[in-house]
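What follows is a single structure, written as structure tokens, with notes after it.
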Amino acid sequence: MKQEFKKVLFFALGVSSLTKKKVEKFVRDMVKAGQVSEQEARALVQDVMTYVNREQNKLKALIDRKAKKAKSLVDKEAHMAKMSLNKNVEKIKKTIKKSQPKKKRTKRK
């Protein structure tokens with residue numbers, strides 16, 4: 001079967017939304033219309049589903065990479081915010097300590 005035909009078929013079927021049943025129905029209709037033989041139809045269904053699965057796996061991998069990168073950025077920002085907050089808390093503690101009156105020591109006899 002010609003590669004061009006497969007490419008046109010993939011495009012025409014909207015590969016991203018294909019299910020095996022949809023592919024099989026489309027190919028059955030092609031067999032009934034005499035456009036492909038039974039043997040070509042079986043190979044075509046297998047080729048289309050292999051392509052769909054491969055593209056879905058690529059998309060999943062891309063999403064996973066992007067999610068990990070986003071998580072890393074969020075973690076970094078959260079760490080920086082925590083460090084800044086801790087620094088501010090320490091400044092506030094020092095300010096409070098300085099503003100409190102000093103206790104007088106009483107002499108013991």
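Checking the stated criteria, Lys98 turns out not to satisfy the condition of being part of a helix (DSSP H, G or I) and surrounded by 10 or more Cβ atoms within 10 Å (Cβ to Cβ). The condition of being surrounded by 10 or more Cβ atoms within 10 Å (Cβ to Cβ), at pLDDT 90 or above and not small (Gly, Ala, Ser) holds for Lys93. May I ask you to verify whether Asp29 is touching a residue at least 40 places away in the same chain (Cβ under 8 Å) and either acidic (Asp, Glu) or exposed (fewer than 11 other Cβ atoms within 10 Å of the Cβ) (or both)? No. Selection over the stretch 39-79 of residues that are more than 30 Å from Lys25 (Cα to Cα) and either outside any helix (DSSP H, G or I) or among the basic types (Lys, Arg) (or both) gives a count of 6.
The values are calculated or read from the model by the stated rules, or taken from the named source; none is laboratory data. From a predicted model like this one, the values you see are computed outputs, not experimental measurements. Don't worry about glycine lacking a Cβ; one is built from the backbone with ideal geometry, like all the others, and counts go over all protein chains shown.
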